[in-house]
Amino acid sequence: MLEIRELEKRFGGVKAVDRCSLRVEEGSITGLIGPNGAGKTTLFNLISGLYKPDGGEIWFMGDRIDGLPSHEIARKSISRTFQIPREFKEMTVLENLMLVPKNQIGENIFNSLFRSRLVKMQEKENMEKALKILEFLELIDLKDEYAKNLSSGQKKLLELAKILMSDPRVILLDEPGAGVNRTLMKKLVKSIEELRDRGMTFFLIEHDMDLVTYLCDRVIVMNKGKKMTEGTPEEIKKDKQVLEAYLGV
């Protein structure tokens, strides 16, 4: 579904991603691990269009997408979260979701003035969809709470809720477990598993190996900008190269 071919990204004399090649299978939960500075987040930034690659190719569902701006990549149904959630702090949880749907006809002033009935119908549909997503992620009781008042874990769930409003095919999760307590982590894991069962594909960066072992079908290991190896979580945990990359020799 997603294929990276010989991808490169340089910052000055530093190769953050160095001829990296990997694949993510449709309907899978694929983990991406590696020591700090391995190039994981840079790779996500390249896939999502925040950075332009210096070489190589990115293919999604048979289309080449490297170099496209981030909004065009999002329209192709690739969405992502960030290590630090990017909520609209002064808006409610529900309002955060209502901003997401693309092609909202009410954004055109002509439609607002002369096609108000259609605008209201679409807003009603978006509202129903947002409420269903909040119900699914068990955030419905917080729908009228300002996003700035949420806990770190609740903000991670809000990020996922916003992504689901855009109907993605692939979700890139950047350290979903960071700063999340055990109760909310269970909710997050349950949600990811249920969404995978509905056909969604996940590619996630994570340092918590217990979470990776429980959640992921396959694990890809990056080190110094390159793919070092890949395998099942159990295979990766026993790999001497991986242990040396994390712990040193």
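Laboratory data are not the source of any read-out in this text; all were calculated from the coordinates shown. Since the structure is predicted, the reported quantities are computational estimates derived from the model, not experimental observations. In this analysis, Cβ positions are derived from the backbone assuming ideal geometry, glycine residues included, and neighbour counts consider all displayed protein chains.
The table below lists the values:
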quantity: Ratio Rg/Rh [Cα only; Rh per Kirkwood] for the chain; calculated: 1.00
quantity: Most to least packed among 57-69, 165-177 [average Cβ atoms within 10 Å]; calculated: 165-177, 57-69
quantity: Phi to ³J(HN,Hα) by Karplus 6.51 cos²θ - 1.76 cosθ + 1.60 over segment 3-8, Hz, x for Gly, Pro; calculated: 10, 10, 10, 6, 6, 9
quantity: In order through segment 44-55: 3J(HN,Hα) via Karplus (6.51 cos²θ - 1.76 cosθ + 1.60), integer Hz, x for Gly, Pro; calculated: 4, 5, 6, 5, 8, x, 6, 10, 9, x, 8, x
quantity: Positive-pole candidate from M228, S21, L118, dipole of the chain, charges at beta carbon; calculated: L118
quantity: Segment S70-K143, extension gain: residue separation times 0.36 nm, minus the distance between their alpha carbons; calculated: 23.5 nm
quantity: Within straight-line cross-link reach of K226, lysines at Cα separation under 22 Å, skipping those fewer than 8 residues along the same chain; calculated: K9, K15, K40, K52, K237, K238, K240
quantity: Selection of GluC sites (Glu not before Pro), segment 128-214, meeting DSSP coil and at most 15 other Cβ within 10 Å; calculated: E138, E145
quantity: Computed helical MRE - 222 nm, the chain, DSSP H runs ≥ 4 contributing -39500 (n - 2.57), nearest 500; calculated: -11000 deg cm²/dmol
